[in-house]
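The values are calculated or read from the model by the stated rules, or taken from the named source; none is laboratory data. Quick caveat, the model's predicted, so the values are computed rather than measured. Cβ placement follows ideal geometry from the backbone for every residue including glycine, while neighbour counts extend to all protein chains displayed.
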Amino acid sequence: MFEFAAAFERAAALILTWDADLAEIVALSLQVSLTAVAIAALLGLPLGAAVALVRFPGRRAAAVLLSALMGLPPVVVGLVVYLMLSRAGPLGVLGLLFTPTAMVIAQVVLVTPIIAAIARQVVEDLWAEYEEQLRSLGTTPARAIGTLLWDGRFSLVTAILAGFGRASAEVGAVMIVGGNIDHVTRVMTTTIALETSKGDLPLALGLGIILIALSLTINAAAFLAQDLARRSQQ
Amino acid sequence: MKGATILPLRLDSVCYDAAGKRLLDSISTALTAGPRTLILGPNGAGKSLLLRICHGLLQPSAGRVEWQGPAATAARRRQAMVFQRPVMLRRSAAANIDYALKLRRLPRGDRAERVAQALERTGLTALAHQPARALSGGEQQRLALARAWATRPEVLFLDEPTASLDPAATRAVEEIVDAIHRAGTKIVMTTHDLGQARRLGDEVLFLHQGRLIEQDSAKRFFAGPRSEPAAAFVEGRLLW
């Protein structure tokens, strides 16, 4: 119990003095996850909207697949991306394995289905309300994609937040494709896993506290922004 | 209206089935340029369905719908519809009108002018920059009319546009519909409000249980309906 308290104390000290190693790890985590979420949003939002709006054979199957992919196990995604990027793999020539880029790729694979599946639901609900009016105005379903993504923007923030939550919290995929190399691919979650198993609780705890605080801050900020914007737009 | 017309609109034995029920049964008629046509009938008579089929939002299960004017190929772009509950996009009132004009591929310069004109004609200039969804029901319906009017349609379909409005808002909507008609647009409107039909109608199509029972000038229709269902409707008796 005493050790526990001491660990907390030293964790707090690490945060308050903004330890260089800790800062580096936090910065890399944010860089990887935010990049992954940005790319996943660019892919997932139009993809989800298209599945909601464009009639094509197998549309329902695509919707089910998107929802199923939301629960992809990170370690399996990590393994597959690892195989693709490894020397012998199809993309091995790029030499991306054990780089932050590889971690971004793995997280994009994890996060895109989450954003796309939520976007599909949001856009489908909006379409039910808008369809007659938009068709009357002369919008084709394909052209309606942009309109509905814009009109669903407040709900879609939630999709992006869910994606960020997933990206920043997962450890399996970045561990496998990044390799948890000190000063290169070490992020908050992989450090916590490593330091905990080594018994270095203060750094693990400090990072854990920061991870939760970041998640809280980003969600609270998004919630407030959404609330303000929604109130001005009804 | 400049240039060739898309009217008349001819319906030939139009039927519409849903879930094994025949909701519209062999409707044949022609809508011609000029008179304000009111589609009357009790709730469930098929008025809204008929309007949607005319506008092309629904395909008939049987029969033909045909624009027969010389400009018929442009029919899609030269008609507009206003719904009972207006659907406003989450942007400003002016931007909602601009959106419709963008879909018609109007150059930016022309759009600004038309948006301003449409807002002015519907008395919404002061609300131009308000979020459309924050407007009252009556203001939203006026905006829906402004949006439709801005596209300069040759035919305007209106589906019970005042059904959920208070009398003051209803009056404003009726005045705008009248102004749109005077500016040269064919009006085709459904209502179950007899007073409104008397105020706005030149021609009446009376629907009952999915059938077109009477088509006549409003004057003759209200003076003496020829069928029993129409007589009952005009007298305000319940029909089923």
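Tabulated results
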item	result
Residue pairs meeting the criteria (Cβ under 7 Å; at least 6 apart or on separate chains; first closer than 15 Å to B:Arg91 by Cβ and in contact (Cβ under 8 Å) with a residue 60 or more places away in the chain, in region A:215-234; second assigned to a helix (DSSP H, G or I) and of a type outside the set (A, V, I, L, M))	A:Ala229/A:Phe154; A:Arg230/A:Phe154; A:Gln233/B:Arg133
Number of the exception - B:Gln84 against (1) within 14 Å of A:Gln133 (Cβ to Cβ); (2) polar (S, T, N, Q); (3) in contact with a helix residue (DSSP H, G or I) (Cβ under 7 Å, 6 or more places away or on another chain)	(3)
Subset tally (residues that are of a type in the set (A, V, I, L, M, F, W, C) and away from every other protein chain (no Cβ under 14 Å)) for region A:150-168	6
Residue in region B:57-114 that is surrounded by the most Cβ atoms within 10 Å (Cβ to Cβ), counting only those that are among the hydroxyl-bearing types (Ser, Thr, Tyr) and more than 10 Å from chain A (Cβ to nearest Cβ)	B:Ser61
Residue tally, condition surrounded by 20 or more Cβ atoms within 10 Å (Cβ to Cβ) and closer than 22 Å to A:Phe98 by Cβ, over region A:24-43	9
Matching residues, region A:1-37, being small (Gly, Ala, Ser), touching a helix residue (DSSP H, G or I) at 6+ places or on another chain (Cβ under 9 Å) and modelled with pLDDT of 90 or more	A:Ser29, A:Ser33, A:Ala36
Evaluation of B:Ala33 against (1) in contact with a Ser or Thr (Cβ under 9 Å, 6 or more places away or on another chain); (2) within 14 Å of chain A (Cβ to nearest Cβ); (3) within 18 Å of B:Val177 (Cβ to Cβ) (one fails), failing number	(2)
Residue match in region B:178-190 (condition: more than 12 Å from chain A (Cβ to nearest Cβ) and over 22 Å from B:Ala218 (Cβ atoms))	no
Those residues of region B:23-56 which are of a type in the set (D, E, K, R) and either buried (at least 21 other Cβ atoms within 10 Å of the Cβ) or in contact with an Asp or Glu (Cβ under 8 Å, 6 or more places away or on another chain) (or both), in sequence order	B:Arg36, B:Lys47, B:Arg52
3 or more residues in contact (Cβ under 8 Å) with a residue 40 or more places away in the chain, surrounded by 18 or more Cβ atoms within 10 Å (Cβ to Cβ) and of a type outside the set (Asp, Glu): qualifying helices (runs of 4 or more DSSP H) within region A:51-153	A:74-85, A:100-137, A:141-151
Matching residues in region B:155-185 - criterion: being of a type outside the set (A, V, I, L, M, F, W, C), touching a residue at least 40 places away in the same chain (Cβ under 8 Å) and under 13 Å from B:Val82 (Cα atoms)	B:Asp159, B:Glu160, B:Pro161
Of all residues making up region A:11-23, the number that are surrounded by fewer than 15 Cβ atoms within 10 Å (Cβ to Cβ) and either assigned to a helix (DSSP H, G or I) or β-branched (Val, Ile, Thr) (or both)	7
Exclusive hit being assigned to a loop (DSSP other than H, G, I, E, B), touching a strand residue (DSSP E or B) at 6+ places or on another chain (Cβ under 9 Å), of a type outside the set (Phe, Trp, Tyr) and on the phi < 0 side of the Ramachandran plot, set B:Pro161, B:Pro86	B:Pro161
Any hit, region B:140-150, residues being touching a residue at least 40 places away in the same chain (Cβ under 8 Å), assigned to a loop (DSSP other than H, G, I, E, B) and either under 14 Å from the mean Cα position of the chain (by Cα) or on the phi > 0 side of the Ramachandran plot (or both)	no
